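Where a number appears in this text, it was derived from the coordinates with a stated rule and is not lab data. The structure displayed is predicted, hence computed values, not measured ones. Glycine gets a Cβ as well: all are built from the backbone with ideal geometry, and neighbour counts include every protein chain shown.
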């Protein structure tokens, strides 16, 4: 698939080289989906930091396999986590995907590179405003971004083929399951916010039944509850 990223003079060769090294590291760590790896290789992660807070020391680590601060108490996830979730979501071009927790838009961009239709919701107003402005500048104008409570999902556009949650929930949000197609998948980390969480994959097998399995341990920022906040 041709990259969605517009030609950007800031995407200099040094960052392209860092992305290639990151892709090779992710492959060594067990990411085997070449389409996911190609998507990671196309997305300029160093451009997803708040320009008002990004400093050279932070950008130096932009392609390290680590979470980094993006403001509002949130982080840009480890590249491995983004690749792992993207791989296990197993999307196909044209699928309709709901993302809970837009953050800085990095995972959103990876999903768009995989050819899906992305609906994404963020409840931190500053992050939402920053990302809504940033993604089109990078060529990712097709994402449908919303400010609101992720626990409520976006029922107006349901049902979804896939739902991806990029923050940890204390328990399974039942409203999100209801917004899946029969046969659709919900990928979500569940557990206490002060401990490692377990990644779960749930398949909606009927109007009332789901089948779940665990995919390992991760660390996510908590999924905030109740109404959206400024």
Take every DSSP beta bridge whose two residues both sit in region 13-218, then give the antiparallel share in percent to the nearest 5. 45 percent
Measuring from the longest principal axis of the C-alpha atoms of the chain, the long axis of helix 13-28 (C-alpha) lies at a number of degrees, nearest 10, equal to 40 degrees
Would you look at the GNM of the chain, springs on alpha carbons closer than 10 Å, and say which of 219, 130, 24 moves the most? 24
Percent of all alpha-carbon pairs of region 91-201 at distances over 21 Å, whole number, is 32 percent
At a Förster distance of 41 Å, what's the computed FRET efficiency of residue 90 paired with residue 225, Cβ-Cβ distance as r, to 0.05? 0.90
Burial ranking of peptide ranges 15-23, 113-121 (average Cβ count within 10 Å, highest at the top): 113-121, 15-23
Which three lengths, in whole Å and largest first, does the chain cover when its Cα atoms are put on their principal axes? 51, 39, 34
Label model pair residue 175, residue 28: point-to-point distance (7 angstrom along the Cα→beta-carbon line) in nm is 4.4 nm
Each label point is 7 Å from the Cα along the Cα-to-Cβ direction; what then is the distance between the points at residue 67 and residue 196, in nm? 1.4 nm
Relative to the longest principal axis of the C-alpha atoms of the chain, give the angle of the C-alpha long axis of helix 125-137, reported between 0 and 90° and rounded to the nearest 10°. 60 degrees
By average Cβ neighbour count within 10 Å, what is the ranking of 123-129, 174-180, 158-164, 27-33 from highest down? 158-164, 123-129, 174-180, 27-33
Folded to 0 to 90 degrees: helix 79-89 orientation relative to the chain principal axis, Cα: 40 degrees
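Add -39500 (n - 2.57) for each DSSP H run of 4 or more in the chain, then divide by its residues: what number comes out at 222 nm, to the nearest 500 deg cm²/dmol? List each step's numbers first, then the result.
Values: 7 runs with 66 residues, N = 230.
Counting only the DSSP helices, I get -8000 deg cm²/dmol.
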Scattering profile of region 29-135 at q = 0.11, 0.15, 0.19, 0.22 Å⁻¹ [log10 I(q)/I(0), Debye over alpha-carbon scatterers]: -0.32, -0.60, -0.97, -1.27
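With r as the distance between the Cβ atoms of residue 141 and residue 217 and R0 = 30 Å, compute the FRET efficiency 1/(1 + (r/R0)^6) and round to 0.05.
My answer for the efficiency is 0.25.
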